[in-house]
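Below: the structure, in C-alpha cells.
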Amino acid sequence: MRLMSILFLAFLAAITAPDRASAQTEIGKVTKLLGAASQAMDENVTPLTAGSPVYEDALIETGDDARLEIVFIDSSQITLGERARLVMDDLVYSFEASETGVVAQSFRILDGTFLFLSGAVARTDHDAVSVSTPVATIGIRGTGFFGGPLAAGMPPGELHYGFMLTEGAIDVSSVDGTVTLDEVNEGTFLPMSGQAAPTPPTQWQQEAIDEAYASVAFN
C-alpha cells in the first residue's frame, strides 16, 4: 500500500510539473559580454554572464553601452550592440540533422545593431535560415553581415537602417523590393519605417563602415 501511494504521488508530480526540458531548449551560449544583458522567458528575467546558456524563444536584451556575443549550437554567431533586443525563435541542428538536411534557424532582431555569421545550418541548407528585422527580412547564402540603425549619411538627429555584407551574399527584402549584396562592404539602406525598397547596393563609405563596426565592437 505504501509503495502504491509513493508511485501515485510520483505520477501526480510528473503530470503536474512544468515541462522544463521543452520550455527551455538550450540553443547556444554567451561567449563574450561587456556591460549588462538579460534573458526573459515566461515572464522570468535573468541576467546573462559569460558562459550563460541561451534558450529557444527567449528574449535577449542588452543595456546601455553593452555588447553581447552568442555562439549557437551550429557554430553560427551573433554580436549585439547596446540596447538591442533579439528573439531566437527556432534552432534545429545536430550532426544527424546535418546529414539528413532537417535543419532550421530563425531569429528576429527587434531593436539595435547586430553582426551575424552563419554556421552549419546555412551550410546544410541556406533556405532553412530566416532573419527578420524591423525593416526587412534577410535571405542568406553562407553569410556574414551587419544590420541596424546608423546615422552616417543622414542629417543630424536622424537615422536610417543599414545592412552591410562582410562575407558571402545576402538578399535584403522589404515590402517594396529586394536587393542582393554579394561584395564585401557592399550595403543598402532603408528608412526606419521600412516602407520603401532597399536602396541600390553600393560600396559603403568609410564613415558608415566605421560606425557599423564600432556599434558592435568590444572596446
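Looking at the stretch 193-215 only, could you name the residues that are β-branched (V, I, T) and surrounded by 16 or more Cβ atoms within 10 Å (Cβ to Cβ)?
T199, I209
Being modelled with pLDDT under 95 and either part of a loop (DSSP other than H, G, I, E, B) or over 16 Å from S76 (Cα atoms) (or both) narrows it down to one residue among G187, G142, G162, G148; which is it?
G142
Looking at (1) polar (S, T, N, Q); (2) touching a residue at least 40 places away in the same chain (Cβ under 8 Å); (3) within 19 Å of D89 (Cβ to Cβ), can you tell me which one T166 breaks?
Tallying (1) polar (S, T, N, Q); (2) touching a residue at least 40 places away in the same chain (Cβ under 8 Å); (3) within 19 Å of D89 (Cβ to Cβ), T166 fails exactly one: (3).
Considering only residues of the stretch 80-137 that are in a strand (DSSP E or B) and of a type in the set (F, W, Y), which is modelled with the lowest pLDDT?
Filtering the stretch 80-137 for residues that are in a strand (DSSP E or B) and of a type in the set (F, W, Y), the one modelled with the lowest pLDDT comes out as F107.
Every residue in the stretch 179-199 that is of a type outside the set (D, E, K, R) and without any contact (Cβ under 8 Å) to a residue 24 or more places away in the chain, please.
Within the stretch 179-199, V179, T180, V184, Q195, A196, A197, T199 meet the criteria.
Checking the structure you have, find out if any residue of the stretch 99-122 is closer than 18 Å to G81 by Cβ and surrounded by fewer than 17 Cβ atoms within 10 Å (Cβ to Cβ).
yes
For the stretch 156-177, enumerate the residues that are among the β-branched types (V, I, T) and surrounded by 14 or more Cβ atoms within 10 Å (Cβ to Cβ).
Listed by number, the residues that qualify are T166, I170, V172.
Tell me the residue from V179, V175 that is of a type in the set (V, I, T), under 13 Å from V135 (Cβ atoms) and modelled with pLDDT under 95, please.
So the residue among V179, V175 that is of a type in the set (V, I, T), under 13 Å from V135 (Cβ atoms) and modelled with pLDDT under 95 is V175.
The values are calculated or read from the model by the stated rules, or taken from the named source; none is laboratory data. It should be emphasised that the depicted structure is a prediction, and the values quoted were computed from it without experimental measurement. For neighbour counting, all protein chains shown are included, and Cβ atoms are generated from backbone atoms with ideal geometry for every residue, glycine included.
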